[in-house]
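Take a look at the structure below.
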Amino acid sequence: MRYDCIIIGAGVAGLTAGIRCAKEGLHTAIISSGMSALHFSSGSIDLLGYRDNAVVYKPFEAIDQLTGTIAQHPYTKCGKPLIIEALLFFKQECEQQGLFLFDNGNLNHFHVTTLGTLKPTYFSQRSVFNEDVYSRFKAMKKIVIINFEGYRDFHPQLAAAQLSKHSLFANCEIVAKQIEMPQLQDDGKYPHEFRSIDIARIFEKEANIEKIADLIRLAAKDADFVVMPAVMGITNFNQIHNKLQSRTRLLVYEVPTLPPSILGMRIDNALKSRFAELGGVYIAGDKVVRADITDDVVNAIYTNSHPENPMEAQCYILSTGSFFSGGLVSEFDNMYEPIFKLKLHHEPERNKWYNQNFFHRDSHAFLQYGVLTDESLRPYDSNNNIIQNLYCSGAIMAHYNPIKEGCGSGVAISTGYKAAGQIINLLKRMS
Amino acid sequence: MIKLENISFDHCIKCTVCTIYCPVARVTHLYPGPKQSGPDTERLRIKNPELLDVSLKYCSNCKRCEIACPSDVKIADIIQTAKWRYSKKELRIRDFLLSRTDLMGTFGTLFSAIVNFFTHLGMVKYFLDVIFKIPSGRTFPNYASGTFTKWFKSVRKYQDNYADKVIYFHGCYVNYNYPQLGKDVVKVVNALGKGVIITKEKCCGVPLIANGYIKKAQSHGRHNIKVLSSALPDDKTKIVSASSSCTLALKHEYPNLLELDNSPIINNITYITQFILEEFEKGNILRLKPLSYTVAYHSPCHLERMGSAAFTIELLRKIPALTVKILHSECCGISGTYGFKNEYYGISQSVGNELFRIIDEAKPDFVVTDCETCKWQIEMNTKYKVIHPISLLAEAIE
């Protein structure tokens, strides 16, 4: 089949690119093999959380500094004005689907992790503990962190103990509470078998909300603030949040849980629905396995399910992610990009890939490995030639460390947005 | 000894994404979900078959878990294999009858008027419910008064007028229940300037697999591979099917589940909408008249598993004046014979509820889908008629 643009990979980068292309009227397809890393994410969008192991409060100043010093960083290739444009675009497209993202002006804010630590981020969902809540919080005296009895992927005691250590919460009482949800035992299943998704489904049934709210109210009636695991539904979370707050007359907020991440799935859901709404073609559960390239131009790609039938486009975007998502493959003594066999930035010696100390401040070298691209995000093949109609975005790119710098989603959004922009301009010039 | 190629369960990282997208686990806690029934307990079953947890029988084999899996684990295949390898075999007349679509079809078409009359009688349904555990709420598809193959004999001679040929795997539904779809396929293929060949095919094996008759399914599979490959005049000739589940069986279930070598035909098997689109792209374009309907398109699970729903959507968009509303991808719940069994009927209906709701919301003139059992389920639970995309295309041909 022929498209204007085929995007390989449906994570944050691929979906951002897909939405932008489809919005410009390009005939766009996204091919996705399995669900993306959003299902394992915090559901907040990090822009730049750390520089030289220090917390970043003003991400755009830090980006200025970074683009001035690291020429190869994806942010340098995008440039600050484009990053700002991309973030605004992302926020607005999510809003189209009823997913509202909070930002703290140009500053980072902090969200509470499942272990009770504070982590800098740029966008958080409205129901997530954020700066706005925090500023209201100062006068408050008691936080109750609740969990649902038997649910094993969130540990309120741990979160409470860790949070109490933080200077911000020095004058605050933080208590962990369990509540029993009778709905959990309705059909004879033990609550310890529940994952976030099972509880989210209980929340999604309208009839349950009032009962749950009353239980929360009972457990936390003297609290100024209630924190619960992020299970307030995947699609109708706004209504659930509003209802919980009005019924309990408490401030109720969510913190991320262990995977599956309900917060991440909301973003996944919003972006995919937006893409479909704009007429994009989403092909799930198929894997691109090889490409046909002549004279540095990709003619067609082939998938697992259709090994003999070419899928053709004028331009392609590669957003297959890093090692975890299969965008990069490592073997005992080598690593490669499996579809186009692109040139990678990496050390050949295996013992240089990682740090002996798992939690070392310098992180691990392999997180910086990835595909090399030019300024327009076009990659190099193994002979060092630029592939003319292929653009890269997201975690497959080299020269940044999403963990150490806290910039994974920001890079995905910026490079996805930029890659789409390159294609839109190119196709406009051609027509 | 574990065969090395069968250890895809070892790639499971326990992320639970499959269970999130499992339509059965969504509506009932009787089913612990594909992760637990598949890769989690596979290692136990390999160690000791006694450790089988029978709750895996609730899997409807829709394969949405495999679409969702980020680690390429063949979850549904693991569960289907475990079902027949480790479950106690019980003789159930109902399962035998439900899975013998060709046997029942031969009988049903011979006495179609009587059979159709009786299967719609309340008393008969009650009897089937009590004795055979076939839910009385389920509407049965009607049998046709003559088979597709019989009709085809009357047009076979015209097929030789075309130099280029296509082999058509019609499947049991077209043959016994709805020959009109087969006639539409022949009309469309002929309009593309190609003749139709049909072979002495047997049921593809999907209902046999679902009911645990793996040996029988393997013998059908071997037969089909043999007749289809020997009918191929050359490598380039396509074998098309207009049933998403038949196509999935020929292409994927034969090698992955039934361990059959389908290499002589695998590259020729093409789902019909893909075949037509490829012809269009070669310049062999059908002239289509405008059809000013609004249709809601439902993509069947098995078509999605093959990554082929996009072909049907693309083809529908080629029909002038047709408004196509793409429904959010949801399982209809029937899953072939699954929804014809008392023990799963409630689950099957609950799974479908979301789809029925969004169909009602879309307010189409009718629904379009590629799968015959999805059609039964949707027609039974909504007020809309369900049409195959090829029938729509046949209507648009001038």
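The values are calculated or read from the model by the stated rules, or taken from the named source; none is laboratory data. Remember, it's a predicted structure, so these values are computed and weren't measured experimentally. FYI the Cβ positions are ideal-geometry reconstructions off the backbone, even for glycines, and counts take in every protein chain you see. In case anyone asks, the SASA skips ligands and DNA or RNA and just uses the protein heavy atoms, side chains included. Shrake-Rupley method; radii C 1.70, N 1.55, O 1.52, S 1.80 Å.
A few notes on this one:
- Given (1) of a type in the set (D, E, K, R); (2) within 14 Å of chain B (Cβ to nearest Cβ); (3) closer than 13 Å to residue A:272 by Cα, index of the condition residue A:20 fails: (2)
- Pick from region B:53-68, criterion surrounded by fewer than 20 Cβ atoms within 10 Å (Cβ to Cβ) and not in a loop (DSSP other than H, G, I, E, B), ranking: nearest to the other protein chains (Cβ to nearest Cβ): B:55
- Filter result for residue A:424 (within 26 Å of residue A:350 (Cα to Cα) and assigned to a helix (DSSP H, G or I)): no
- Pick from region B:121-139, criterion closer than 16 Å to residue B:380 by Cβ and without any contact (Cβ under 8 Å) to a residue 60 or more places away in the chain, ranking: surrounded by the fewest Cβ atoms within 10 Å (Cβ to Cβ): B:122
- All told, residue B:50 falls short of being within 23 Å of residue B:344 (Cα to Cα), open to solvent by 20 Å² or more (accessible area, probe 1.4 Å), of a type in the set (Asp, Glu) and without any contact (Cβ under 8 Å) to a residue 40 or more places away in the chain.
- Check on residue B:71, away from every other protein chain (no Cβ under 14 Å), surrounded by 14 or more Cβ atoms within 10 Å (Cβ to Cβ) and of a type in the set (Ser, Thr, Tyr): no
- Strands (runs of 3 or more DSSP E) wholly inside region A:111-156 containing at least 1 residues that are more than 22 Å from residue A:219 (Cα to Cα) and either in contact with a helix residue (DSSP H, G or I) (Cβ under 6 Å, 6 or more places away or on another chain) or hydrophobic (A, V, I, L, M, F, W, C) (or both): A:118-121, A:123-125
- Residues in region A:66-118 that are polar (S, T, N, Q), without any contact (Cβ under 8 Å) to a residue 24 or more places away in the chain and surrounded by 17 or more Cβ atoms within 10 Å (Cβ to Cβ): A:67, A:76.
- Flag for residue A:217 being more than 13 Å from residue A:128 (Cα to Cα), basic (Lys, Arg) and assigned by TED's automatic domain parsing to the domain that holds residue A:173: yes
- Qualifying residue in region A:52-61 (condition: part of a loop (DSSP other than H, G, I, E, B), over 16 Å from the mean Cα position of the chain (by Cα) and crowded, with 22+ Cβ neighbours inside 10 Å): yes
- Scanning region B:365-378 for residues that are under 16 Å from residue B:173 (Cα atoms), open to solvent by 20 Å² or more (accessible area, probe 1.4 Å) and either of a type outside the set (D, E, K, R) or touching a residue at least 24 places away in the same chain (Cβ under 8 Å) (or both) returns B:372, B:373, B:376.
- Subset of region B:35-45 [surrounded by fewer than 24 Cβ atoms within 10 Å (Cβ to Cβ), among the polar types (S, T, N, Q) and more than 10 Å from every other protein chain (Cβ to nearest Cβ)]: B:41
- Flag for residue B:18 being in a loop (DSSP other than H, G, I, E, B), closer than 20 Å to residue B:299 by Cα and either at the interface with chain A (Cβ under 8 Å from one of its Cβ atoms) or open to solvent by less than 20 Å² (accessible area, probe 1.4 Å) (or both): no
- The lone criterion from (1) farther than 20 Å from residue A:321 by Cβ; (2) in the same structural domain as residue A:282 (by TED's automatic domain parsing) left unmet by residue A:45 is number (1).
- Any chance residue A:11 is within 14 Å of chain B (Cβ to nearest Cβ), open to solvent by 10 Å² or more (accessible area, probe 1.4 Å) and modelled with pLDDT of 95 or more: yes
- One residue from B:13, B:79 being of a type in the set (Val, Ile, Thr) and either under 24 Å from the mean Cα position of the chain (by Cα) or assigned by TED's automatic domain parsing to the domain that holds residue B:374 (or both): B:79
- Of all the listed residues (A:282, A:316), the sole one being within 21 Å of residue A:419 (Cβ to Cβ) and within 11 Å of chain B (Cβ to nearest Cβ) is A:282.
- The lone criterion from (1) within 18 Å of the chain's Cα centre (by Cα); (2) open to solvent by less than 10 Å² (accessible area, probe 1.4 Å); (3) farther than 29 Å from residue A:290 by Cβ left unmet by residue A:41 is number (2).
- Within region A:376-398, being open to solvent by less than 40 Å² (accessible area, probe 1.4 Å) and among the hydroxyl-bearing types (Ser, Thr, Tyr) holds for A:376, A:391, A:393.
- Filter pass, residue A:307 being assigned by TED's automatic domain parsing to the domain that holds residue A:44, over 30 Å from residue A:25 (Cβ atoms) and open to solvent by less than 60 Å² (accessible area, probe 1.4 Å): yes
- Residue within region B:377-387 that is touching a helix residue (DSSP H, G or I) at 6+ places or on another chain (Cβ under 6 Å) and closer than 21 Å to residue A:278 by Cβ present: no
- Residues considered: B:38, B:108. Of these, the only one that is in contact (Cβ under 8 Å) with a residue 60 or more places away in the chain, more than 19 Å from the chain's Cα centre (by Cα) and in a helix (DSSP H, G or I) is B:108.
- Verdict on residue B:373 being assigned to a helix (DSSP H, G or I), closer than 16 Å to residue B:248 by Cα, away from chain A (no Cβ under 14 Å) and touching a Phe, Trp or Tyr at 6+ places or on another chain (Cβ under 9 Å): yes
- Against the list (1) within 14 Å of another protein chain (Cβ to nearest Cβ); (2) assigned to a helix (DSSP H, G or I), the condition residue B:32 fails is (2).
- All positions within region A:331-375 that are among the polar types (S, T, N, Q) and open to solvent by 70 Å² or more (accessible area, probe 1.4 Å): A:351, A:356, A:357
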